[in-house]
Structure formats: structure tokens, C-alpha cells
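S.K.: Provided herewith is a single structure, encoded as C-alpha cells, for subsequent inquiry.
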Amino acid sequence: MSLINENFLELQDSYLFSTIAKKVVKFSENNPDKKIIKLGIGDVTKPIVPACLEAMHKAVDEIGTSNGFKGYGPEQGYEFLRKAIVENDYKQRGVQIEADEVFISDGAKCDCGNIVDIFEKDNRVAITDPVYPVYLDTNVMSGRSGKFNQEKGTYENIVYLPVTAENNFKPELPKEKVDMIYLCFPNNPTGTVLTKEDLKKWVDYAKENNSIILYDAAYEAFITEENIPHSIYEVEGAKEVAIEFKSYSKTAGFTGVRCAYVVVPKKLKGYTKNGEEVSLNKLWNRRTCTKFNGVSYIVQRAAEATYLEEGKEQIKQNINYYLENAKIIKQGLEEVGFITYGGVNSPYVWLKVPEGMTSWDFFDKLLEEANVVGTPGSGFGPHGEGYFRLTAFGTKENTIEAIERIKQCKK
Ligand code: MLT
């Protein structure tokens, strides 16, 4: 008899975006004449930029030759990409990261999920609430969450750090000692940011408590304001306490191409139960070599091209396009009285749903009356209740139309 991992039975419903997709399919089947506009899951719409395409074409041709053929690559990623990351994403921001601290992967979702492998089951985990569901669900799967409390909508062993309008979307330090802290800024789902000073408090907390910060910076390219860190390593001392996740999905449009990376600094230490220090970089390297055979050469060449001058310029144009959509969403909604947050340093606009409605009520209303799909705030956690997320990743035309339709149904 094969026993299952019963932790999976503690998971709630299905994965948020699958639940939404199912609802939308059902609505479409019942209303085949309706044109649905999807501003739900944060998937991009702009095609891959020419610099990356060219690099991919070149790599395709190369692997068709006997000299250029590539078999298994290094599990951690090709040196050319790791070096380009060190130079462009870190050195140019005044941060010293070494190439062997960078691990190339096929997505930040996988990295955020897989990282739990190297941590003990009894670690106390803190997540912001609302939160990108992957951090929570992967800790549930690996047995760190304890039981779910239906009434509260929370797991008994998880420390929830509310991020709401009441605290200006800045999580407060936990009152109790926690070992693993998930932070994502610019934040998914709220689209809000932390300043360097805000982030320093977390780095200091982690140092004092020997905790690890798991910092998801997947949306850093959308930062437009000064004094907002693009990397947690811009904060002094962060290399001793933080793992950072970065992605090419939202910047270079690689949601389908798949490429990301995680930085595990060599200074970063975890502990055995006997209190011995262990290098997390070594553990992650060991895990990577065992469970992963690397991202394809073609894709890594495409990722490298994001750092070419023309690549940077083309990507910047795409990001500006999405930021313009965010402005259209924000302004349009505010014109008819919605209260909105985010959307300035982020592709996500977070809004308050009308008084008396739940997030899912509002989801249903928008789907049925405006034929627009968004993401209900409560799907990201109990403190997301009463909020709703719209993404700026649609086309400009669809974004304008969606907002006009929402305005009509608000009247
Ligand atoms: C989201 O909509 O929150 C993201 O697209 C999900 C993801 O990046 O996996």
C-alpha cells in the first residue's frame, strides 16, 4: 500500500488561478456570444522582443551544428548568463554578487516552491496576507502549516502579516520569532512597495533572529519611483539573511519561454538542530544537481539577450506599455469612485470592492455584467477580502474597453 503525503489533504480548494479559469470556461460555454476580457492572471500579451528572438534563432542554428551542439548544460546555468546577471542586475546597482551564487531555473514559481526542500519541517513560516498563493501552498505541502482553521481562513502554524490599507500595505514585524519570512515587493497582489528603510527593518529582524528572508523580486522592473530597492541586497547585511528570486516572465515576456533565477549568497547560513552552521548555497546546489538538468541553452541565450543595449531598450518599451495600462486602469476606476492602490511601481492595481460585496461577489458581477475577469482579493488570503486585483498585462485596447465596461456597470 503506497501511503500519500497527507499534507496535500490540508490544501484548500484548487489553485486560485485554476479555480478562476474553470469559472471563466463555464461562463463562456453558457454565453458563447460574449467577448470576455481577461485581466486576471498576470500573464503578458506583448510578444518576445526582437533582441531575444534573434538570440534564440542563433542558438537554434548553433545546436544544429556538430561544433555548436549542446547536451546537458550545467545544472546551475551557463556561465555566460550567470555573469550577465551579476554584471547587469547587481554590479550596476552597486551590489556584489558572485556568479556561483546565481542559479538559473525555469521559473520563479518553481524556485519559490522548491526552496522549501532545504528547510526543516518545524521552521515557523511568516507570510504577508494577502499573498501569492505559492508560498503558502508549498509550505502546506511540505508539512509546515498545521491544520486549517475554517472559521479564520488561516493555518494554525503560519504567521500571517496583514498588508492592508490600514497599515499602508507595510507589514509589521512579527510579534513572535519566525524562521522563514516571505516578502514580495513590488507586491503581488497589492502592487505596493517598500522603501529601503522599510526593508532594512526586515533585514535587521532576520539578523537578530537568525531567520531567512525569501525575497521575491519578480516585479522589480516595474519600479518607477526613487528609493525603492530593486533587490533586497541593496540593503546592507541582506546577503547574510536573504535568498532572492527573479524572473524574466514579466519583464521579457518569458511566461511561456520559462526562465528565472534565484540568488543564494554564500554568506547565508542555516542551522542543524545541534546549532551547527550550514551553507544554504551548498544545500541548494546539491538539490539543484540532483533534481534539475538546467534550462535549455536556447532559452538561456534569449535571457542573456535581455541585457544587450537593444534588448534593454525593447524591454523598457514593453514595461512602459504595461505601466501605461496600469495608469488607464487606476485613473478610470478612480473617476467612478473606486479606491485603488498599486499600479505605479507594479503591473497590478488593487482596488476596494463596493461596500457590502465580497471579493467573489465582485468577481461574479464583473464577469456577468462587464465580461471582465479579475482576481478576487480573498483568493490571496483572508486580508484580501474586500479587495480585487486587475492586471495591466492585457493589450491597451482591451484594457481601455474593460475599464469602460466596469465604469458602466458601476453606474
Ligand atoms: C499572478 O497572476 O499572480 C502571477 O501571474 C502568477 C505567477 O506568476 O505564477
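The values are calculated or read from the model by the stated rules, or taken from the named source; none is laboratory data. Quantities reported herein were computed from a predicted structural model and do not represent experimental measurements. Cβ coordinates were reconstructed from backbone atoms using ideal geometry, including for glycine residues, and neighbour counts include every protein chain displayed.
S.K.: Could you check residue 315 against (1) in a helix (DSSP H, G or I); (2) of a type in the set (Val, Ile, Thr); (3) more than 20 Å from residue 249 (Cβ to Cβ) and say which number it fails?
M.R.: It fails just one condition, (3).
S.K.: Checking the conditions here, which among 241, 203 is out of contact with any Asp or Glu (no Cβ under 6 Å at 6 or more places or on another chain), crowded, with 24+ Cβ neighbours inside 10 Å, more than 29 Å from residue 13 (Cα to Cα) and not hydroxyl-bearing (Ser, Thr, Tyr)? Before you say what the answer is, go through the steps one by one.
M.R.: On the way: 203 fails: crowded, with 24+ Cβ neighbours inside 10 Å.
Answer to the selection: 241.
S.K.: Separate question: Which one of these does residue 239 not meet: (1) under 14 Å from the mean Cα position of the chain (by Cα); (2) assigned to a helix (DSSP H, G or I); (3) under 16 Å from residue 199 (Cβ atoms)?
M.R.: If we test residue 239 against (1) under 14 Å from the mean Cα position of the chain (by Cα); (2) assigned to a helix (DSSP H, G or I); (3) under 16 Å from residue 199 (Cβ atoms), just (1) comes out false.
S.K.: Here is a further query. Out of contact with any Gly (no Cβ under 8 Å at 6 or more places or on another chain) and surrounded by fewer than 16 Cβ atoms within 10 Å (Cβ to Cβ): does that describe residue 152? Quick ask: steps written out before the conclusion?
M.R.: Working: out of contact with any Gly (no Cβ under 8 Å at 6 or more places or on another chain): yes; surrounded by fewer than 16 Cβ atoms within 10 Å (Cβ to Cβ): yes.
So residue 152 passes the test.
S.K.: If you check residue 87 against the conditions, is it more than 23 Å from residue 219 (Cα to Cα) and away from the ligand (no atom under 16 Å from the Cβ)?
M.R.: Values: more than 23 Å from residue 219 (Cα to Cα): no; away from the ligand (no atom under 16 Å from the Cβ): yes.
The answer is no for residue 87.
S.K.: Scan segment 259-272 and tell me whether some residue there is outside any loop (DSSP other than H, G, I, E, B), modelled with pLDDT of 95 or more, in contact with a Pro (Cβ under 9 Å, 6 or more places away or on another chain) and over 29 Å from residue 56 (Cβ atoms). Lay out the reasoning, then the answer.
M.R.: Within segment 259-272, the subset outside any loop (DSSP other than H, G, I, E, B) is 260-263, 269-271.
Imposing the further condition that a residue be modelled with pLDDT of 95 or more reduces the set to 260-263, 269-271.
Now narrow it down to the ones that are in contact with a Pro (Cβ under 9 Å, 6 or more places away or on another chain): none.
No; the residues of segment 259-272 include none that is outside any loop (DSSP other than H, G, I, E, B), modelled with pLDDT of 95 or more, in contact with a Pro (Cβ under 9 Å, 6 or more places away or on another chain) and over 29 Å from residue 56 (Cβ atoms).
S.K.: Taking residue 181 as meeting all but one of (1) in a strand (DSSP E or B); (2) within 16 Å of the ligand (Cβ to nearest atom), write down the number of the exception.
M.R.: All conditions are met except number (2).
S.K.: For residue 251, indicate whether it is within 15 Å of the ligand (Cβ to nearest atom) and within 20 Å of residue 174 (Cα to Cα).
M.R.: Values: within 15 Å of the ligand (Cβ to nearest atom): yes; within 20 Å of residue 174 (Cα to Cα): no.
Judged against the criteria, residue 251 is not a match.
S.K.: List the residue pairs whose Cβ atoms are under 9 Å apart, where the first residue sits in segment 16-45 and is acidic (Asp, Glu), the second is outside any loop (DSSP other than H, G, I, E, B) and within 11 Å of the ligand (Cβ to nearest atom), and the two are 6 or more positions apart or on different chains.
M.R.: 43/391
S.K.: Look at segment 363-404 and say how many of its residues are among the β-branched types (Val, Ile, Thr), within 23 Å of the chain's Cα centre (by Cα), away from the ligand (no atom under 16 Å from the Cβ) and in a helix (DSSP H, G or I).
M.R.: 0
S.K.: Okay, next question. Tally the residues that are in a loop (DSSP other than H, G, I, E, B), more than 16 Å from the ligand (Cβ to nearest atom) and either modelled with pLDDT of 95 or more or among the aromatic types (Phe, Trp, Tyr) (or both), restricting the search to segment 192-236.
M.R.: Quick first cut of segment 192-236, residues in a loop (DSSP other than H, G, I, E, B) only: 192-195, 210-211, 217-219, 223-231, 235-236.
Restricting the remaining residues to those that are more than 16 Å from the ligand (Cβ to nearest atom) gives 193-195, 210-211, 223-231, 235-236.
Next, from what is left, pick out any that are either modelled with pLDDT of 95 or more or among the aromatic types (Phe, Trp, Tyr) (or both): 193-195, 210-211, 223-225, 228-231, 235-236.
Number satisfying all stated conditions: 14.
S.K.: Just one of the numbered conditions (1) farther than 28 Å from residue 163 by Cβ; (2) within 20 Å of the chain's Cα centre (by Cα) is not true of residue 325; which one?
M.R.: (1)
S.K.: Related question: Could you tell me whether residue 109 is within 16 Å of the ligand (Cβ to nearest atom), surrounded by 15 or more Cβ atoms within 10 Å (Cβ to Cβ) and farther than 23 Å from residue 135 by Cβ? Walk me through it before giving the result.
M.R.: Values: within 16 Å of the ligand (Cβ to nearest atom): yes; surrounded by 15 or more Cβ atoms within 10 Å (Cβ to Cβ): yes; farther than 23 Å from residue 135 by Cβ: no.
Answer is no for this residue.
S.K.: Still on this model: Can we say residue 52 is closer than 29 Å to residue 380 by Cβ and assigned to a helix (DSSP H, G or I)? Please lay out each step first, then the result.
M.R.: Working: closer than 29 Å to residue 380 by Cβ: no; assigned to a helix (DSSP H, G or I): yes.
Answer is no for this residue.
S.K.: Which of the strands (runs of 3 or more DSSP E) contained wholly in segment 93-170 include at least 3 residues that are within 30 Å of residue 351 (Cα to Cα) and modelled with pLDDT of 95 or more? Let's see the steps before the verdict.
M.R.: On the way: elements: 102-105, 125-129, 158-162.
Result: 125-129, 158-162.
S.K.: If you don't mind, another one. Among 68, 94, 73, which is surrounded by fewer than 21 Cβ atoms within 10 Å (Cβ to Cβ) and either free of Cβ contacts under 8 Å to residues at least 12 places away in the same chain or of a type in the set (S, T, N, Q) (or both)? Spell out how you get there, then give the answer.
M.R.: Working: 94 fails: either free of Cβ contacts under 8 Å to residues at least 12 places away in the same chain or of a type in the set (S, T, N, Q) (or both); 73 fails: either free of Cβ contacts under 8 Å to residues at least 12 places away in the same chain or of a type in the set (S, T, N, Q) (or both).
Just a single option satisfies the conditions, and that option is 68.
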